[in-house]
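Working notes, beginning with the structure itself.
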There are 2 protein chains.
Amino acid sequence: VHTGMTMPSPVLFLVERDSFVRADPAAAQVRVNDLGLSRGDGVFESLSVVAGVMPTLSRHLERFASSAFALGLPAPDAPCWAAAIRAAIEAHDPVPGLAVTLLLSRGVERDGHAAGAPTGWVYARAARDFAAVRESGIRAVTLDRGFRHDASAAAPWLLLGAKHLSYAVNAAALREAVRRGADDAIFVSSDGFALEGPTSSLIVRFGDRILTPSVELGILAGTTQERVLRFFAEHRFETGTAAIPAGELPSADALWLVSSVRQAVAITALDGRPMPGDAELTRELNAHLGRPAP
Amino acid sequence: VHTGMTMPSPVLFLVERDSFVRADPAAAQVRVNDLGLSRGDGVFESLSVVAGVMPTLSRHLERFASSAFALGLPAPDAPCWAAAIRAAIEAHDPVPGLAVTLLLSRGVERDGHAAGAPTGWVYARAARDFAAVRESGIRAVTLDRGFRHDASAAAPWLLLGAKHLSYAVNAAALREAVRRGADDAIFVSSDGFALEGPTSSLIVRFGDRILTPSVELGILAGTTQERVLRFFAEHRFETGTAAIPAGELPSADALWLVSSVRQAVAITALDGRPMPGDAELTRELNAHLGRPAP
């Protein structure tokens, strides 16, 4: 365990088709004409590793493959990626929590098309410490995502529900939230349904019911979201997915944004109005999510 | 002038704040944790240089600055970028046409934020030869862009009208067009207005009127689009911007998609139905666009 001021170094493995090789993350690794960079044309995943265990590895690999399919990228070789992830975890200095990113881009461009194999890598680094925000909660604002709740099925080229590299709107939404004096955002469909956060899933409590927006609304199938629903089901809540009108959020008994690395954070104020919550329940939920369970 | 089989090498200048330095485009230049890559968080421009002249340099630099502003990036130093572009053009082997890309990303990430200066570069390479497609035209399909025509003003975080790196949807739309047996796409707002192509502006002819969708619809202000309107105005057409219902496109007398490097290409079929056109007028338009006029 590190005790000094030195941060442990990130670990990088480049993945090409079915093999991987260690590389220096402090050095440049990508050419300027890689389509992942010039056009945001690629997919990614963010995993949380606690004490060497990845509770949701298979779900992340499934979603990685599903995102790649949505973008017409070659299917990632799951055993190879799993091995590269394990190698990155083993190569990293021991830390309380590790954040691991998988990335697969369309690769280097020539004459308007990908010239060769996709560019891929596994990047592992010490996770940021979100303990304080898990305790304090966050202020959120609702922001229009611009799409109708049913846009996804009719227009798959909008790539709704795929975890792709074109995340500029998510970053812009977070900046807008900060501009409004908040910390995070909840996207709302143009016809008024609550969707998700820019980098998280939304969990809503009404009494003893726990709801989360359905993936049919064109949102990401959250891996942590699934674990949260199971936690609540085991704690005798009624759980389910639904189309939740954003207008009903202020009357919820609790709202959380959940994601792999930050885990569950309670929303203490929505659009400037205080929200109720249950600090003890949030603590139990995070203890569950932080446990290196299978 | 090159006559052999060897392609002239691309030229790369890295730009940091107000200075630039030549670098090797065949080598990796970008770190894996650059936010331009991991989140599509950055902006770009594509310029066409014919015989050393850039007819629209100031417009491209203005739009580059405007895109950077929309994303909350530091304002690019225009004189520095102009000098880097000129240096790249001078350093490149002489070719009939040069395609120059400017890119500015948020830079390398640390703890969820940009750790230092934005990553920037100017990349120049021989333009692809689009002479054949300018002559033959293309088949296009209309595809829903998912946003209402008025989404942009109310929701600036959607970054509509900014030329950012998050272009995965544009690439997906082009794949969908190919899947439908076409070559390109025209995006349509969710409430039925014609917008733009994934990498081009739309020009519509009704008799002696030339119309193009208004930028208020949340589309890119095309630099070539402006030149095309001036060309038609000088040729005694009535020109203007408008909200054009997509349902009116099939009754147009001609449709073109226009962009800096490919220039103007006529749409010969829309959603599988043949479109009329004017081959001679298209030739005159492209001769105008290809001329190294100021």
- Query: Quick one: how many residues across the stretch B:255-271 are assigned to a loop (DSSP other than H, G, I, E, B) and in contact with a Lys or Arg (Cβ under 8 Å, 6 or more places away or on another chain)?
  - Reply: 2
- Message: Would you confirm whether or not the stretch A:83-102 contains a residue that is within 21 Å of the chain's Cα centre (by Cα), at the interface with chain B (Cβ under 10 Å from one of its Cβ atoms) and touching a residue at least 40 places away in the same chain (Cβ under 8 Å)?
- Response: yes
- Task: State whether the residues of the stretch B:44-53 include one that is at pLDDT below 95, under 23 Å from B:Ala162 (Cα atoms), in contact with an Asp or Glu (Cβ under 9 Å, 6 or more places away or on another chain) and more than 10 Å from chain A (Cβ to nearest Cβ).
- Result: no
- Give the residue that is surrounded by the fewest Cβ atoms within 10 Å (Cβ to Cβ), with candidates limited to residues of the stretch A:260-277 that are without any contact (Cβ under 8 Å) to a residue 60 or more places away in the chain and not hydrophobic (A, V, I, L, M, F, W, C). A:Arg273
- Determine whether the stretch B:35-47 contains at least one residue that is within 23 Å of B:Val215 (Cα to Cα) and open to solvent by 10 Å² or more (accessible area, probe 1.4 Å). yes
- Go through the stretch A:68-82 and give me each residue that's away from chain B (no Cβ under 11 Å) and open to solvent by less than 30 Å² (accessible area, probe 1.4 Å). A:Ala68, A:Pro76, A:Cys80, A:Trp81, A:Ala82
- Query: Can you name every residue in the stretch B:14-34 that is more than 10 Å from chain A (Cβ to nearest Cβ), open to solvent by 20 Å² or more (accessible area, probe 1.4 Å) and touching a residue at least 24 places away in the same chain (Cβ under 8 Å)?
  - Reply: B:Glu16, B:Arg17, B:Asp18, B:Ser19, B:Phe20, B:Arg22
- Out of all the residues in the stretch B:98-124, which are more than 17 Å from A:Asp34 (Cα to Cα) and open to solvent by less than 20 Å² (accessible area, probe 1.4 Å)? B:Leu98
- Task: May I ask you to list pairs of residues, at least six apart or on different chains, whose Cβ atoms are under 6 Å apart, with the first in the stretch B:54-82 being on the phi > 0 side of the Ramachandran plot and the second being at pLDDT 95 or above and not β-branched (Val, Ile, Thr)?
- Result: B:Gly72/A:Arg175
- When only residues in the stretch A:218-253 that are in a loop (DSSP other than H, G, I, E, B) and among the charged types (D, E, K, R) count, which is surrounded by the fewest Cβ atoms within 10 Å (Cβ to Cβ)? A:Arg236
- Note on the structure: Note on the stretch A:208-217: residues within 28 Å of A:Ala154 (Cβ to Cβ) and either open to solvent by 10 Å² or more (accessible area, probe 1.4 Å) or at pLDDT below 95 (or both) are A:Leu211, A:Ser214, A:Val215, A:Glu216, A:Leu217
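The values are calculated or read from the model by the stated rules, or taken from the named source; none is laboratory data. Computed from a predicted model, the values in this text were never measured in an experiment. When we count neighbours, we look across all protein chains shown, and the Cβ atoms used for this are built from the backbone with ideal geometry, even at glycine. Remember, those area values only see protein heavy atoms, side chains included, never the ligands or the DNA or RNA. Shrake-Rupley method; radii C 1.70, N 1.55, O 1.52, S 1.80 Å.
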